[in-house]
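What follows is a short report on a single structure.
Any read-out appearing in this document is the output of simple, stated calculations on the displayed coordinates, not a laboratory observation. These numbers were taken from a predicted model, which means no experiment stands behind them. Note that we place each Cβ from the backbone using ideal geometry, even for glycine, and neighbour counts take in every protein chain shown.
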Amino acid sequence: MVVIFLGVYIISTRYHLQHATADALAAVAVAGVASAQVTMSGSVAFGYSVSDDASGFGTDDASLKFATSEDLGGGLKLSASFGIDGIIETTDGTTSPMANGNNITLAGGFGTVSMNTGVGGDAVALDQVMSLGNGTVGSTIGYTAPAFGPVTLSFTRKSGDAELGKGAGGSNASINIFAAKYAAGPVAAGISALSWNDSTSAADARTVLTASYDLGVAKVGVFYGKQSYTAAGTADLKNTAIQISAPVGPFAVSYERGSAKGGPTTGTGAIAAGQTNKGNSLTVSYALSKRTALTAKTEKWDTSATATSKASCCCLTLSNLTLALAS
């Protein structure tokens with residue numbers, strides 16, 4: 001009962017009773033249990049990892065999420081969620097929670113308006129090689145227009161916040177993101193254009209293209225990203241990748257091969273002039289049940305002219321622990 005009350009209090013009353021008294025908040029929270037659909041979900045992953053410079057057991061993921069939705073009438077629907085990434089481990093062994101997946105969304109015939117705080121989606125697996133597929137970290141507000149047949153258009157503004165919850169650093173540069181998506185049958189494609197509004201940011205603009213085709217027996221995708229910089233003489237950073245996923249008997253298999261070249265030649269993640277970083281990733285997952293999977297992943301990448309870095313990991317993942325608290 002305590003969990004139900006706290007979940008409804010946090011996500012059902014916060015957005016429309018911020019200035020009410022504590023007694024009024026409690027009353028509405030209790031009433032919300034009978035009228036709103038509230039769910040709690042979470043996942044945890046623990047495994048063993050081996051790389052060139054370290055190995056050992058550890059927690060890969062631990063998260064908890066509360067979500068609720070409400071029909072406002074007149075074709076309007078309001079939904080909200082509150083999420084926590086439970087374990088963020090640092091080099092000194094300390095851990096701290098991080099706010100992630102917090103959002104309020106209003107949907108209707110006009111489209112959808114979303115307000116989010118969290119970590120955006122990652123379009124690529126090889127983060128050691130490709131950075132342009134990473135999602136934004138921070139707070140955003142966005143609008144998605146009603147679909148025009150198979151095409152969906154959206155605009156997102158990321159605020160220039162310097163912090164995202166406890167233990168997570170955001171970007172102090174605000175970003176405008178224009179995006180278009182196409183989906184029809186087995187074909188899906190997308191394009192997004194990002195522009196930085198902070199004159200102190202090293203990045204200037206980014207364009208990301210994605211496309212995929214579902215063959216039935218397998219799904220094939222391609223990724224391309226290009227980022228320009230404010231500093232004169234800095235070459236554009238370019239990322240390319242091909243992705244293949246398919247069920248193979250009882251296993252789910254995915255493979256990605258990517259490369260990166262250009263961009264700054266000094267600093268974190270720099271690529272030497274004329275050099276191309278490349279790598280590949282293979283993931284095999286076996287479902288022990290609807291909620292539990294054993295996943296083995298191996299990655300290999302080359303980020304210098306003389307040395308090759310290797311990494312592999314195997315983890316047992318418990319996911320999709322969903323519980324309906326009220327309906």
### Task
Step through the residues of segment 228-242 one at a time and calculate ³J(HN,Hα) from phi using the Karplus curve (6.51 cos²θ - 1.76 cosθ + 1.60, θ = phi - 60°), rounding each to whole Hz and writing x for Gly and Pro.
9, 10, 6, 5, 5, x, 7, 5, 5, 7, 10, 10, 9, 7, 10
### Message
If amide hydrogens are placed 1.01 Å from N in the peptide plane, which non-local residues have theirs closer than 5 Å to the one on G101?
### Response
T117, G118, V119
#### Entry: Highest average packing first - 186-195, 276-285, Cβ atoms within 10 Å
276-285, 186-195
### Summary
Given pairs K238/K300; K158/K181; K181/K219; K65/K297 and cut-off 24 Å on Cα-Cα distance, the over-length ones are K65/K297
### Summary
Length gained, L76-M40, 0.36 nm per residue minus C-alpha separation, equals 10.6 nm
